[in-house]
Amino acid sequence: MRIVIADPRNPSEEHVQRTVAEWLDRHGILWCHVPNEGRHKPQYRRKMASLGLKPGVPDILIFDVPPAVKCARGTAIELKRKTGGRVSAQQQDWLEALELRGWVCAVCEGIDEALGLLEGLGYGRR
């Protein structure tokens, strides 16, 4: 499958997410993405909220302790495209709440920043 990027200098957040997801899977890291984005009918939003979906949850939750920060509980990353993305108040609240609970938290703009953070935290080393 060939993926065409509309602007290769500033790929979409979806492309950034897909690339980071492939990297995490390739390195055997225990993680998940909470599908919080997208426009949905109000009935669907209410249903998902009743099942526990919370607005603002970071894009990537890594449950493996970062090898370079052994005292951390996990890593939470909010992904944005290289330019043009913004962190919502709800996203900021989640990052702060997780940080208070011992998680390493970051906002990463673009693929290079996200992979640089992961490698800096020691993920991907064998």
Could you tell me whether region 71-84 includes any residue that is out of contact with any Gly (no Cβ under 9 Å at 6 or more places or on another chain) and at pLDDT below 95? yes
Of the residues in region 19-58, those that are closer than 19 Å to Gly84 by Cβ, at pLDDT 95 or above and either in a loop (DSSP other than H, G, I, E, B) or open to solvent by 50 Å² or more (accessible area, probe 1.4 Å) (or both) come to Pro58
Pull up region 73-104, narrow it to residues that are assigned to a helix (DSSP H, G or I) and either of a type in the set (S, T, N, Q) or touching a residue at least 40 places away in the same chain (Cβ under 8 Å) (or both), then point me to the one that is nearest to Phe63 (Cα to Cα). Leu98
Selection from region 53-110 of residues under 17 Å from Arg18 (Cα atoms) and more than 13 Å from the chain's Cα centre (by Cα) yields Lys82, Gly85
Given the condition surrounded by fewer than 19 Cβ atoms within 10 Å (Cβ to Cβ), at negative phi and assigned to a loop (DSSP other than H, G, I, E, B), answer yes or no: does some residue in region 105-116 qualify? no
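The values are calculated or read from the model by the stated rules, or taken from the named source; none is laboratory data. Note that the structure is a prediction, hence the values are computed from the model and not measured. All Cβ positions, glycine included, derive from the backbone under ideal geometry; neighbour counts span all protein chains shown. Side chains are part of the model used for accessible areas, which takes the heavy atoms of the whole protein and leaves out ligands, DNA and RNA. Shrake-Rupley method; radii C 1.70, N 1.55, O 1.52, S 1.80 Å.
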